[in-house]
Every structure is written in C-alpha cells, then in structure tokens.
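Visitor: Have a look at this one.
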Amino acid sequence: MGKSWTAADIPDQSGRVAVVTGANTGLGFETARALAARGASVVLAVRDVRKGEQAAARMPGQVSVQELDLASLGSVRAAAASLRSRFGRIDLLINNAGVMYTRKQATRDGFELQFGTNHLGHFALTGLLLDLLLPVPGSRVVTVSSGGHRLRAAIRFDDLHWRRRRYSRVGAYGRSKLANLMFTYELQRRLAPHGTTIAVAAHPGVAATELPRNAPAPVRLPITWLAPLLAPSPAKGALPTLRAATDPSVLGGQYYGPGGPLEIIGPPRPVTSSAESYDMAVQQRLWAVSEELTGVTFPAPGRAGNPG
C-alpha cells in the first residue's frame with residue numbers, strides 16, 4: 001500500500017474483536033465505525049453509556065457498549081472484568097480516549113486528571129486485558145498520542161501530579177501524551193520476545209474534534225478555526241490509528257501520523273517522536289511507577305493468568 005492509504009485499505013476484520021475507548025464521538029467514533037464496517041465486533045468503551053448507545057446505533061454491524069471511566073481505577077477494573085466475562089479473546093485494544101487542556105483537577109484516585117486519564121487509566125486497562133490478547137495471532141494494542149507530546153512535556157517523577165509546581169494545562173497534556181508513547185515503546189519491548197501481540201502508537205495530526213473544548217481561549221480559538229480547514233472530518237484524523245491497528249505491514253513499536261508537512265494532515269505513515277520519548281531508562285521508571293500507582297501488574301508474555 002502506497003502513500004494514499006485510506007479506510008478502503010483496511011483488511012477484512014470479520015471474526016475480530018476490537019475494544020475502542022472514547023468511541024462515542026470524534027476520532028474514536030470514526031475508528032470504531034470503520035472497523036465495524038469491515039466486519040469486526042466492536043466494543044465502544046465509553047464513560048456515558050447513553051451516548052455510547054446512540055453512537056452504536058449509527059454504526060453498521062456488531063457494535064456493543066461498555067461503561068468505562070478512565071478517571072476511576074474502580075471503573076477500569078469493573079470494565080475489564082465485564083469485558084473478560086463477555087469475550088474469550090480481544091484482537092484489538094485501541095486506547096483512544098483522552099482529555100485535553102483541562103483546568104487543574106484530580107481523578108477519583110487523586111491523580112492529575114490528564115495524566116491519570118490519558119496514561120494511567122489506559123495503562124491499567126491494558127494490563128487487565130492483556131492476557132486476552134496475548135494468545136491471539138495478529139493482536140495489537142494501539143495507543144493514541146499527540147504531536148502535543150513535544151510541548152513543554154517532561155516526566156517529572158518528583159511531581160507527576162502537579163502538587164508542587166504551578167499547573168500548566170499544556171504541560172500536563174504534553175506529559176500525558178509523552179507517557180502514552182513511552183508506555184507503547186516499553187510495552188513493545190516486553191512483548192517482542194513473545195512475538196504474537198504488538199504495541200503501536202498513533203497521532204491524528206489536526207482534526208476537527210471536540211477534544212480542545214477545555215483549552216484556554218487563546219489556544220482553543222485558533223484550533224477551532226483552523227481544524228475544519230485542515231481536516232474537514234475526524235475520519236481523516238482516525239486514519240493513522242486505523243492503519244496502526246490493521247495494516248499487515250505495521251511493526252511493533254512504530255508510531256503513525258499524517259505524512260504531510262509538520263505531520264498536520266496527510267496520508268498516514270510511520271513518523272518519529274521526540275528524542276525524550278525514546279529514553280529507555282525513563283520508560284522503565286515510568287512503567288514501574290505506573291504499576292505502583294494503579295496496582296496493576298502486567299502478565300508476562302507467554303504465561304497464562306489473570307493480571308493483578
């Protein structure tokens with residue numbers, strides 16, 4: 001497949017189970033709809049079940065809804081238990097949901113909201129579901145990051161939840177998206193010896209979605225004005241995620257984004273993340289801290305068992 005990869009290039013997904021977080025609107029909705037259209041049994045893992053059911057009604061094929069609030073580890077555990085009872089296998093776990101540029105808030109477990117939702121919630125969910133993916137040939141964990149991982153982003157282990165420093169909406173978002181990438185790269189390193197499941201990351205470039213709604217006006221207004229001009233539909237923004245999830249040529253540890261100038265728009269292709277995102281020592285420390293904060297320990301590839 002060449003530079004013009006589109007949703008039409010998605011291989012047949014019949015018989016596959018795909019769980020997509022944050023799938024009731026925007027990029028998640030378009031990702032889920034495209035997978036359902038190609039035959040996958042798709043689960044919309046969403047905070048608002050009513051909105052999820054409304055979204056499911058607008059999709060073809062086999063689509064169901066699972067309640068999931070990534071800002072609550074209790075909800076994450078309940079959702080994972082429900083999914084485990086419903087499905088004997090998962091082929092695709094797409095960690096798409098996220099919050100962006102919110103004011104300073106905490107999750108139910110006391111984590112800074114953007115880091116807690118975007119990274120820790122997905123870290124826990126992946127760990128609790130991973131053993132349903134490990135035996136499945138071609139299974140993938142796809143985590144959606146952002147070009148924002150380069151903006152004022154640093155994993156400051158002495159103040160992960162912004163209790164000492166002055167809070168920065170942009171910095172907190174960048175930290176969470178940097179964590180998404182570091183999680184993907186470390187997960188892939190752990191999966192590589194097993195060889196069945198791979199971890200991949202993606203970012204949408206600029207897409208006309210609701211995500212920037214919490215941004216301060218000086219940031220929100222330019223995005224609101226420019227996004228419809230650059231990316232008329234979230235469907236285009238979903239293409240890097242869809243390619244990462246379905247293209248047979250994708251390799252574990254790759255990062256997909258738009259192939260145009262500055263990775264803003266364009267056909268999806270492998271791209272490069274920031275130099276900091278590849279720091280293996282920080283990746284491994286972040287993993288250990290994430291296990292400690294969430295209480296979730298990942299199953300070892302090749303070993304059956306229910307994760308903690």
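Read-outs throughout are calculated quantities, based only on the coordinates presented, and are distinct from any laboratory measurement. Computed from a prediction, not measured in an experiment: that's the story for all the values here. In this analysis, Cβ positions are derived from the backbone assuming ideal geometry, glycine residues included, and neighbour counts consider all displayed protein chains.
Visitor: Is the shape of the chain best called rounded, prolate or oblate, per the rule: a/c under 1.5 gives rounded, else a/b larger than b/c gives prolate, else oblate, with a ≥ b ≥ c the square roots of the Cα gyration tensor eigenvalues? If you can, show how the numbers build up before the last one.
Guide: Details: a/c = 1.28, a/b = 1.05, b/c = 1.22.
It is rounded, given that a/c, with a ≥ b ≥ c, falls under 1.5.
Visitor: Further, regarding this structure: Quick check for me: using +1 on Lys/Arg Cβ and -1 on Asp/Glu Cβ, what's the dipole size of the chain about its Cα centre, in debye to the nearest 20?
Guide: Dipole magnitude for the chain comes out near 560 debye.
Visitor: What FRET efficiency would be calculated for the residue pair ARG89, ALA57, taking the C-beta separation as r and a Förster radius of 22 Å, to the nearest 0.05?
Guide: 0.30
Visitor: Please give the contour-minus-distance gain from SER233 to ARG156: 0.36 nm per residue of separation, less the Cα-Cα distance, rounded to one decimal in nm.
Guide: Working it through step by step, the gained length comes to 24.2 nm.
Visitor: For the chain, with a Gaussian network of springs between Cα atoms less than 10 Å apart, report the residue from VAL65, VAL46, VAL282 with the top mean-square fluctuation.
Guide: Looking only at VAL65, VAL46, VAL282, the largest GNM fluctuation is found for VAL282.
Visitor: How about LYS51: which aspartates and glutamates have a C-alpha closer than 17 Å to its C-alpha, ignoring those fewer than 8 places off in the same chain?
Guide: Within the straight-line limit of under 17 Å, LYS51 reaches these aspartates and glutamates: GLU30, GLU67, ASP69, GLU210.
Visitor: Nearest 0.05, what FRET efficiency do THR272 and THR6 give at R0 = 22 Å with Cβ-Cβ as r?
Guide: In this case the efficiency is close to 0.45.
Visitor: Going toward the positive end of the dipole of the stretch 12-294, with +1 on Lys and Arg Cβ and -1 on Asp and Glu Cβ, which of TRP287, PRO270, HIS119 do you reach last?
Guide: Highest projection toward the positive end goes to HIS119.
Visitor: Estimate the FRET efficiency between ARG285 and VAL170 by the formula 1/(1 + (r/R0)^6), using the beta-carbon distance for r and 25 Å for R0, to the nearest 0.05. Let's see the in-between values first.
Guide: Numbers: r = 23 Å, r/R0 = 0.93.
Step by step, r from the Cβ atoms, then E = 0.60.
Visitor: Using only helices, what value at 222 nm comes out for the chain when you add -39,500 (n - 2.57) per DSSP H run of length 4 or more and divide by the total residues, to the nearest 500 deg cm²/dmol? Could you put the intermediate results ahead of the total?
Guide: Working: 9 runs with 110 residues, N = 308.
Helices in the chain give a 222 nm mean residue ellipticity of -11000 deg cm²/dmol.
Visitor: Right, here's the next one. Write down the Å³ per residue value for the convex hull defined by the alpha carbon atoms of the stretch 4-133.
Guide: Values: hull volume 14.1 nm³, N = 130.
Output value, Cα hull per residue: 109 Å³.
Visitor: Where in the chain are the DSSP H helices whose alpha-carbon span along the long axis reaches 27 Å or more and whose Kyte-Doolittle mean is at least -0.5?
Guide: Once both thresholds are applied, what remains is 169-191.
Visitor: So how do 69-81, 265-277 stack up, highest first, on mean other-Cβ count within 10 Å?
Guide: In decreasing order of mean packing, 69-81, 265-277 become 69-81, 265-277.
Visitor: Here is a follow-up. Translational diffusion coefficient, Stokes-Einstein: compute it for the stretch 84-160 using the Kirkwood radius over C-alpha pairs as Rh, at 20 °C and 1.002 mPa s, and state it as an integer in µm² s⁻¹.
Guide: Values: Rh = 14.3 Å.
Roughly 150 µm²/s, to the nearest whole number.
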